[in-house]
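See structure below.
The values are calculated or read from the model by the stated rules, or taken from the named source; none is laboratory data. This structure is a prediction, so every number in the text was calculated from the model and none was measured. Every residue, glycine among them, receives a Cβ derived from its backbone with ideal geometry; neighbour counts consider all protein chains shown. For the accessible areas, the whole protein counts, side chains as well, though only heavy atoms, and no ligand, DNA or RNA atoms are used. Shrake-Rupley method; radii C 1.70, N 1.55, O 1.52, S 1.80 Å.
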Amino acid sequence: MGSTFLPGPPVLPPNFKTLINALTESPLSLLSFHSRRSWKLHSKMALPMRNNLKHFPRFIQKLNSPKRLLCVGLRPENKEAPRSGRVFSGIQPTGVPHLGNYLGALENWVSLQHQYPSVLYSIVDLHSITQPQDPTQLKSNILDMAASLLACGINPEKAILFQQSQVSEHAELSWILGCLTSMPRLRHLPQWKMKSKVKNEGSVGLYTYPVLQAADILLYKSTHVPVGEDQVQHLELVQDLARIFNNRYGELFPEPCALLSSTQKVKSLRDPSAKMSKSDPQTMATVSVTDTPDDITLKIRRAVTDFTSEVTFDPETRPGVSNLVNIHAAVAMISVQEAVSQARGLDTGAYKKLVSDAVIQRLTPIREEIERLRSDRAHLERVLAQGTCRARELAAPVLAEVRQRVGFC
């Protein structure tokens, strides 16, 4: 599944109703507009708007805002993407990814490396130390993540894969951008709100995490960033900082746009109201990409559903079953409707077996490749070292220009 960006103001058809029909009947599965005051239109919201067009002029006005960030998630039948620009994204070295990471992000990363001429993927170890880390385990996790990314399909010939901390320009640009960022702006971002609430307090590193994130992206003059919807506010900060720097020191940074995946977020198998997470204390809640077939079968068999035996898709009233349908559709690369159709005549117990088999078929080659790569530590270190050299070649002249404009040299 791919994602794309629609540049420029929308071209209006002769009447609003025609445009609404085009939006809701096209292959677009998600249409989101984001500015400093986030506003979204999802296809399910667009349907009733067909018969209530009084709000539509305001929608058009917002689409034409100069601050808009218009992102579209695409269904499999429409994978067109712009062939220019630079993609950047990062992932923390938390060990081996889980099924939600793979379907929600990494699968899209693999697609993007074939769609854009310049792609960078970073193992963001500087971000990881906002939480306490065992140094030995962190080093192991970095290599495990490198192995996982390669096994999932990241090609170091097409995408630059590198370790963030080995490119010192990230930290220096972060300091400069931090001096352009107000404390109230950071205080209202979801990362700080969520994690500081859990820990009752947070480190300075956690507080300024989004500024380092902005430096990661702007250091390479990135134009597109694949993100989840929960990260859109952080990307808005990146846009703001690019704009502030450009206004103060002259045009240098593009304002990157988001690439939103159309894949539904994978939920916990034990609590379908929460997303799947490696930090979940319930071991049965999360499927790792390195789980054995027996592990996968057991976890999905114990997945929370309900007392209705028929398989239907209704995330509001049947979140557990709907989560399994989403997983089935994603790993089998079919639509939700087709997944439900394949489940016709099966009760939820039998359907869990069908989902398990589909997940096993998808993850087994990845698990086997990770095991092979883990046994060749020197190869993983060499791939990261080569990626780091290539990343530095791009980062160094940008930071030199920043230093000159700020007045350091």
Here the range 240-251 yields Karplus 3J(HN,Hα) values (6.51, -1.76, 1.60; θ = phi - 60°; whole Hz; Gly and Pro given as x) of 4, 5, 4, 5, 5, 4, 4, 5, 7, 10, x, 4
Quick check on my link table: of K275/K353; K278/K299; K275/K299; K299/K352; K158/K265, which ones sit more than 19 Å apart, alpha carbon to alpha carbon? K275/K353; K158/K265
With x for Gly and Pro, the residue-by-residue ³J(HN,Hα) of the range 254-264, computed from phi through the Karplus equation 6.51 cos²θ - 1.76 cosθ + 1.60 at θ = phi - 60° and given in whole Hz, is x, 8, x, 10, 8, 10, 9, 6, 7, 5, 5
Could you order the peptides 328-338, 95-105, 177-187 from most to least packed, using the average number of other C-beta atoms within 10 Å per residue? 95-105, 328-338, 177-187
Using the Cα gyration tensor of the range 283-375, with a ≥ b ≥ c the square roots of its eigenvalues, what is the shape: rounded (a/c below 1.5), prolate (a/b larger than b/c) or oblate (neither)? prolate
Taking the Cβ of G100 as the centre, find all other residues whose Cβ is under 10 Å away and add up their charges (Lys, Arg: +1; Asp, Glu: -1). +4
Apply the Kirkwood formula to the range 230-285: the hydrodynamic radius equals the inverse of the mean of 1/r over all pairs of different alpha-carbon atoms; give it in Å with one decimal. 14.2 Å
One would report the Cα pair-distance distribution of the range 144-276, bin width 5 Å, in %, as 2, 9, 15, 18, 21, 17, 11, 6, 1, 0, 0
Please report the accessible area of T297 (heavy atoms, 1.4 Å probe, ligands and nucleic acids excluded) in Å², nearest 10. 40 Å²
How much accessible area does Y249 have with a 1.4 Å probe, in Å² rounded to the nearest 10? 70 Å²
